[in-house]
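The values are calculated or read from the model by the stated rules, or taken from the named source; none is laboratory data. Quick caveat, the model's predicted, so the values are computed rather than measured. Because the Cβ atoms are built from the backbone with ideal geometry, glycine has one as well, and the counts that use them run over all protein chains shown. SASA here: full protein model, heavy atoms, side chains in, ligands and nucleic acids out. Shrake-Rupley method; radii C 1.70, N 1.55, O 1.52, S 1.80 Å.
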Amino acid sequence: CSLDEYLKQDEVLVLCPPDCLQVRPSVFGSDVYAAISSICGAAVHRGILGPSGGPVRLQKQQGRRSYVSSYANGIHSQALHQWTASFHLSSEFRHFGDSPLIEIETSLTFLQRPPLSDCQMDIAIIMDSSSNIGQRRFNLQKNFVTKLAAMLRVGPTGPHLGLIQTSDSPRTEFLLTNFTKPKELLFAIKELKYLGGDTNTGKAIMHAAEVFFTPGNGVRRGHPRVMMVLIDGWPSDDVERAAMLARESGINVFMVSVSKPAAEELSMVQDKDFLKKAVCKDNGFFSYSIPSWFSNNKHVRPLAQRLCSLDDLLCSKTCYNSVNIGFLIDGSSSVGWQNFQLVLDFLAGIAQSFDISDVGAHIGAVQFTYEQRVEFGLLDHSNKEDAVRALRRISYMNGGTATGSAISYATQNLFRQAARGRNYLIVITDGQSYDDVQGPAMAAQRQGITIFSVGVAWAPMKELLDMASEPKDKHTFFTREFVNLSEFIQPLVRGICQAFTENN
């Protein structure tokens, strides 16, 4: 409901609805108002209208370097350092002639909805500045991003927002910490210049992942990282590799598609599944479609809510989607087939707690007696269902117990890549080992592997403590009965997450 949004001519008649003061409008200036101001709010401030609404005459004026704050007719207008355009209001209609009538929608959708609160994200917005969008739609896109930024309530204790433009090469317009006051941020967005060129969205995503989201550029430790990519049409380059890097870096990529390709344009689209490949996760949450840049008010709040939905940001690096867990399973004759099934149920319960995927958590398993056997590796299963199914299909070996050799074997064959703070080995055994366990366990821990020991029945407590990482009491579990193993699922998961948090 501002001049920037409605005015295409130098002079218009604006019809304000009767509910124009149901919420406090944003007004900047006195007598002459910044173009970002609420038109109807400014009309009440000037004394032309009352709460019942009505028509006002609006004249466009040039931007100013200073807008003065004042209080009048129940509205406190704000000061503003600078804006690109202004307007003046009056109730004089005699010489209005054939100028158009603009009726502001009664619902005042955008103004009536309060800004979001408790949104602690670091957000990069990637705007489409390519030849696909053109100057006119680019300006509409700027208006949309301005409204979104206002809704997010950017500030020192709230979300931080930076912006990159997509063209032949990505261009960083401002970083996360450049503007932490809403008025300054909105002005910076309004001042953006259209670039033109190719829609190299993949390059822009890669730039954001490698350069933009770094501590030196203002990324805050512990704050989820979100990337919202606006695209008008389709990309000129490949987005898949860049999006994979973003996911692996813990960045939640949202794709906002406007004006999808028509049927006759599909032959020109290099990758028809680019939206699915670019997002954090292809589950519908990270993809958002807007039919047109016109009448986009209704999309501002739903999109802002998604960007701020902490529980749904699956690509943020947490223990649940970042750890590598190896299960070292005692297959000795003392366990028995029936108890072995209880062990597999226990391990499946642990696996179910993690978001297993090609870019998330990974699990692998080694069974041992005197010998060792890799049941499946950390990268063999890219989803939770397949991984849990593979766990439950493990066949019982039956033999002796050489736990120390098994730890060395798992260290070399499961955890081939060093990932300090992310690798966890859960050793489950029901008896005494025929070889030394302390030396192999310490060697594994020196390689960055955190060990949890789980003993059942006759497993000696000394060996369990020798294997476990420090502090020993938080990494050691023991029960006399196999049926009680399920009680350790949640404590083990919490232990892994606590260790991950401390190490990362």
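For the chain, the solvent-accessible area works out to 44 Å² per residue, with a probe of 1.4 Å and every protein chain left in place. A Förster radius of 51 Å, combined with the Cβ-Cβ distance separating Gln82 from Trp337, puts the computed FRET efficiency at roughly 0.05. Each peptide in 120-126, 348-354 was scored by the mean count of other Cβ atoms within 10 Å over its residues; highest first, the order is 120-126, 348-354.
Placing a label point 7 Å from the Cα of Ser295 along the Cα-to-Cβ direction, the residues of the range 233-259 whose backbone N falls under 20 Å from that point are 233, 257-259.
For Rg and Dmax of the Cα atoms in Å, the choices are (1) 30.0, 103; (2) 25.0, 91; (3) 24.0, 81; which was calculated from the structure? Only one listed value fits the structure, namely (1). Here is how the number arises for the chain: DSSP H runs of 4 or more residues each give -39500 (n - 2.57), the sum is divided by the residue count, and the result at 222 nm is -8000 deg cm²/dmol. In this view, the solvent-accessible surface of Asp473, computed with a 1.4 Å probe and all protein chains in place, comes to about 120 Å². Within the shell of other residues whose beta carbon sits under 12 angstrom from the beta carbon of Ala72, the net charge comes to 0, with Lys and Arg scored +1 and Asp and Glu -1. Secondary structure note: in the chain, about 35% of the DSSP beta bridges are antiparallel.
Its Cα centre serving as origin, the range 260-419 has a Cβ charge dipole (Lys and Arg +1, Asp and Glu -1) of approximately 360 debye.
Inter-label distance, Gln412 to Val374: 1.2 nm, where each label sits 7 Å from its Cα along the C-beta direction.
When nucleic acids and ligands are ignored and a 1.4 Å probe is applied, Asp330 ends up with an accessible area of around 0 Å². Taking the accessible area of the chain, probe 1.4 Å, and keeping the other protein chains in place, the carbon and sulfur fraction comes to 48%.
Assuming a ≥ b ≥ c are the square roots of the Cα gyration tensor eigenvalues, decide whether the range 370-504 counts as rounded (a/c under 1.5), prolate (otherwise, with a/b larger than b/c) or oblate. Taking the square roots of the gyration eigenvalues as a ≥ b ≥ c, the range 370-504 is rounded. Ile394 sits among other residues whose Cβ lies under 14 Å from its own Cβ, and their net charge, with Lys and Arg +1 and Asp and Glu -1, is -1. Taking a span of 18 Å or more along the helix axis (Cα atoms) and a mean Kyte-Doolittle hydropathy of at least 0.5 as the rule, the DSSP H helices of the chain that qualify are 337-352. Spin-label model, Val483 to Gln438: label points 7 Å out along the Cα-to-beta-carbon direction sit 3.7 nm apart.
Once R0 is set to 25 Å, what does the formula 1/(1 + (r/R0)^6) return for the Cβ-Cβ distance between Gln270 and Glu191, expressed as a FRET efficiency to the nearest 0.05? Efficiency for this residue pair is about 0.15. Per-residue extension of 0.36 nm, minus the Cα-Cα distance of Thr157 and Ser395, leaves a gain of 80.3 nm for this segment.
In the range 289-432, a dipole from Cβ-located charges (positive for Lys and Arg, negative for Asp and Glu) runs towards its positive end, and of Ala348, Gly336, Ala361 it is Ala361 whose Cα lies farthest in that direction.
Under the simplified labelling scheme, the Thr177-Arg65 pair shows an inter-label distance of 3.0 nm, with each label point 7 Å from Cα along Cα→Cβ. If R0 is taken as 45 Å, the Cβ-Cβ distance between Gln135 and Phe285 corresponds to a FRET efficiency of 0.90. The order of the peptides 466-472, 198-204 by mean Cβ neighbours within 10 Å, most packed first, is 198-204, 466-472.
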